[in-house]
Amino acid sequence: MISLQNLSFKYSGKNEYALKNINLDIKKGETILFLGKSGMGKSSILNLINGIIPNYLEGEVSGELLISGEKLSSKSIQELSKKVGSVFQNPKSQFFNLNTTDELLFGLSNHKASKERMEQRLEVTINNLKIENLINRNIFKLSGGEKQKIAYSSVYMTNPDIFIFDEPSSNLDSDAIEDLREIIKQLKKEQKTILIAEHRIYYLMDLVDRIVYIENGEIIDIMTTKELIDMPDEKRETMGIRSPFAPVLHERFKNFNLIDSQRKWDLNLKDFSYSYTRGQELWHIPELYCKKGEIIGVLGKNGIGKTTLAYNLSGILKGKGEMRISSFDKPIKARQRRKLCSMIMQDINHQLFLETVLKELLFLSKKDENLDKARKIAEKLDLLEYLEAHPLSLSGGQKQRVVIASAIMDNKGIIIFDEPTSGLDFDSMNNVSKLIKSIAQDKIIFVISHDIEFINKICTRIFFLQ
């Protein structure tokens with residue numbers, strides 16, 4: 001079905017090759033999982049197969065890439081889109097409409113399908129993928145998990161032979177991941193060829209046929225799921241691979257009472273709530289006491305309001321209730337919160353502004369003496385060699401680390417992380433957890449996450465929004 005023969009690729013303006021002599025044959029109906037640390041070439045392989053390289057991401061390609069025996073170089077991007085469908089890490093990057101139904105029909109409309117064909121395919125997609133509740137909705141009012149569903153449903157509508165998923169579970173809760181599993185099972189049932197680059201892998205262990213491990217742009221190993229499951233933890237973690245087993249919350253979180261006051265507190269929320277429409281509260285926190293040094297996990301399903309809570313804590317949105325800090329006599333208003341809180345958003349591209357990573361790290365501090373501090377933080381997050389690189393030229397995981405490093409440089413008393421490990425391999429997740437722990441002593445930190453493996457590593461207590 002797909003044949004990569006001595007395939008190498010170097011991005012324009014780069015000296016190093018992103019991919020080196022890749023040789024891989026993929027059969028029709030196979031499900032292949034690409035593993036490796038961030039920035040090692042997984043996405044580059046996928047982007048060559050779907051035509052993004054070199055049509056949009058330019059560079060020097062050598063070797064051959066064939067689909068069904070035909071050279072990809074002879075195909076236009078329009079022709080390729082009928083054979084290959086892609087679902088990206090950030091679903092918003094592939095939306096073109098405001099209405100979900102319009103978005104679902106968009107691909108077939110571009111292919112000039114008949115009205116009858118579009119109606120028939122829409123019915124099949126709704127039934128097979130169980131998305132009745134997402135029809136005729138405003139895309140920008142969907143949760144992260146619902147947006148991801150629309151993204152892969154839109155690809156399913158066009159019925160390509162090859163499906164590409166790049167970090168599809170990065171911002172999904174356990175229910176949405178189970179929905180994604182069902183999608184992949186449906187595609188396997190239809191004998192589709194499926195290529196997945198992923199770090200959270202436990203949900204794929206009974207679905208993939210082969211695992212391809214990439215390091216420094218080269219295929220180092222091809223293994224079965226049994227070989228990965230049987231691999232010693234130490235070796236697997238050294239390779240930057242997350243656990244192949246479904247994570248479970250640690251027992252230390254079982255007996256936490258959210259409302260218990262503490263004799264000494266540094267932050268207090270009281271009757272804290274937010275409503276998008278009058279009289280309908282999205283959530284309500286009667287009372288919450290926090291102390292410096294705490295790392296508090298905020299859990300809950302997609303769309304329950306976790307990010308909205310973060311926006312309220314940081315003063316981006318203004319809800320009801322009081323936020324008090326022990327060193328202030330009066331409640332802290334939204335404008336004051338923005339000066340006291342740093343927030344790392346779920347969509348990291350909203351927080352990258354400057355032309356080098358180093359300038360991003362120094363932007364908020366604006367002090368020359370912080371250069372050494374920036375270098376030390378960059379070293380801890382494996383960013384030292386990228387300090388002069390443009391942030392938008394980095395992989396998703398690398399960009400995530402740049403934004404985290406910038407927030408740490410900002411050095412405010414309250415830091416809110418919204419899905420900080422999306423797109424991060426085991427090493428990067430581990431380094432981020434160590435760095436957050438190292439700065440937590442004189443800060444209050446909130447971590448919004450579906451990543452139970454990370455929550456277990458870092459949080460001192462948790463609460464659920466329901």
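The values are calculated or read from the model by the stated rules, or taken from the named source; none is laboratory data. What you see is a predicted model, and the numbers here were worked out from it, not measured in a lab. Counting neighbours? That spans all protein chains shown, and the Cβs are built from the backbone with ideal geometry, glycine included. Remember, those area values only see protein heavy atoms, side chains included, never the ligands or the DNA or RNA. Shrake-Rupley method; radii C 1.70, N 1.55, O 1.52, S 1.80 Å.
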Please state which one of SER314, SER327 is in contact with an Asp or Glu (Cβ under 9 Å, 6 or more places away or on another chain) and polar (S, T, N, Q).
-> SER327
Within the range 381-403, track down each residue that is crowded, with 17+ Cβ neighbours inside 10 Å and part of a helix (DSSP H, G or I).
-> TYR386, PRO391, GLY396, GLY397, GLN398, LYS399, GLN400, ARG401, VAL402, VAL403
So which of ILE415, ILE445 is in contact with a Lys or Arg (Cβ under 8 Å, 6 or more places away or on another chain), open to solvent by less than 10 Å² (accessible area, probe 1.4 Å), in a strand (DSSP E or B) and closer than 20 Å to ILE316 by Cα?
-> ILE415
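Matching residues to (1) open to solvent by 60 Å² or more (accessible area, probe 1.4 Å); (2) at pLDDT 85 or above:
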position	(1), (2)
ASN312	no, yes
GLY315	no, yes
LYS318	yes, yes
ILE332	no, yes
ARG338	yes, yes
ASP347	no, no
LEU352	no, yes
LYS366	yes, no
For the range 149-162, state whether one or more residues are closer than 22 Å to ILE45 by Cβ, touching a residue at least 12 places away in the same chain (Cβ under 8 Å), in a loop (DSSP other than H, G, I, E, B) and not hydrophobic (A, V, I, L, M, F, W, C).
-> yes
Identify the residue in the range 38-80 that is among the basic types (Lys, Arg) and open to solvent by less than 60 Å² (accessible area, probe 1.4 Å) and, among all such residues, is nearest to ILE220 (Cα to Cα).
-> LYS42
For LEU358, indicate whether it is surrounded by fewer than 24 Cβ atoms within 10 Å (Cβ to Cβ), at pLDDT below 90 and assigned to a helix (DSSP H, G or I).
-> no
The listed residue being within 24 Å of GLY397 (Cβ to Cβ), of a type in the set (S, T, N, Q) and surrounded by 17 or more Cβ atoms within 10 Å (Cβ to Cβ), out of THR225, THR158, THR193 = THR225
What's the number of the condition PHE96 fails, among (1) out of contact with any helix residue (DSSP H, G or I) (no Cβ under 6 Å at 6 or more places or on another chain); (2) farther than 23 Å from THR193 by Cα; (3) not small (Gly, Ala, Ser)?
-> (1)
Restricted to the range 81-96, and to residues that are in contact (Cβ under 8 Å) with a residue 40 or more places away in the chain and open to solvent by 40 Å² or more (accessible area, probe 1.4 Å), which residue is farthest from LEU24 (Cα to Cα)?
-> LYS92
Does SER174 count as among the polar types (S, T, N, Q), farther than 25 Å from GLN120 by Cβ and open to solvent by less than 10 Å² (accessible area, probe 1.4 Å)?
-> no
Kindly establish whether TYR289 is of a type in the set (Ser, Thr, Tyr) and open to solvent by less than 50 Å² (accessible area, probe 1.4 Å).
-> yes
So how many residues does the range 106-117 have that are farther than 26 Å from ILE196 by Cβ and surrounded by 17 or more Cβ atoms within 10 Å (Cβ to Cβ)?
-> 1
